[in-house]
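Remarks on the structure that follows.
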Amino acid sequence: MSKIHVKKGDQVVVTVGRSDGDNAVKGKKGKVLLVNPSDNTVVVDGLNLVKKHRKPRSAREQGGILSRPRPIDASNVLLYCDVCKTGVRYGVKEVDGRKVRYCKKCAKNNVETVLEYKDAVKAEKKIVRRSSKKATTAKG
C-alpha cells in the first residue's frame with residue numbers, strides 16, 4: 001500500500017482529462033468521497049461520471065440509467081487552496097503539537113480550518129454515537 005496525499009473530505013482540483021464537452025473533468029474541483037490506497041485512486045463527488053445501465057433485480061425495484069463517479073488516480077488531483085484559488089502542492093509542519101498542511105505557493109496554512117474540520121468531525125461522531133446509544137436503550 002502506498003500513502004496518498006489527499007484525505008476523505010478534502011477539496012481537490014483535477015489536473016487531467018477532457019477540458020471540453022459534457023463530460024469535462026480537467027480544472028474542476030470537488031470533494032473527495034473515497035480514498036483507496038491499494039489502487040492509489042480517489043473518488044471525487046460529481047466528477048468523472050459514467051453512465052451505468054441497471055436492470056431491476058426484483059419486481060419492486062426500478063431499473064434505469066445511473067450516473068456514478070469513477071475513481072481517478074491520486075496523482076491526477078491536487079489539494080485546493082482557498083487563498084490561491086487553485087490546486088497546489090502542500091507541505092507539512094507542526095503547530096501546537098499537531099501536524100498541519102500548508103500551501104507551498106502562498107505559504108499560508110489554514111490551521112484554523114483544518115483543526116475546526118477535525119473537531120467538527122469528532123463532534124459529529126460523538127452525536128451519532130450518543131443518538132445510537134439512546135435508541136438502543138429506549139428499545140431495550
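Bear in mind that the values in this text are calculations on the coordinates, not laboratory data. Fair warning: this is a prediction, and the values are worked out from it, not measured in the lab. Neighbour counts are summed over all protein chains in view; Cβ atoms, including those assigned to glycine, are modelled from backbone coordinates with ideal geometry.
Tabulated data for the structure shown
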quantity	calculated
Amide H contacts of Thr86 (H built 1.01 Å from N, under 5 Å, at least 5 apart or other chain)	Cys81
Sequence of Val92, Val32 once ranked by neighbouring C-beta atoms within 10 Å, starting from the fewest	Val92, Val32
Chain lengthening between Val92 and Lys55 when straightened (0.36 nm per residue, less Cα-Cα)	8.6 nm
Rule-of-thumb Rg ratio for region 11-109 [Cα; 2.2 N^0.38 Å; N residues]	1.39
When each of Lys52/Lys105; Lys104/Lys125; Lys28/Lys51; Lys29/Lys99 is checked by Cα-Cα distance, pairs over 28 Å	Lys52/Lys105; Lys104/Lys125
³J(HN,Hα), Karplus 6.51/-1.76/1.60, whole Hz, each residue of region 32-39, x for Gly, Pro	6, 8, 8, 10, 10, x, 5, 9
For region 40-50, Karplus couplings with θ = phi - 60° (6.51, -1.76, 1.60), whole Hz, Gly/Pro x	6, 10, 9, 10, 10, 4, x, 10, 6, 7, 10
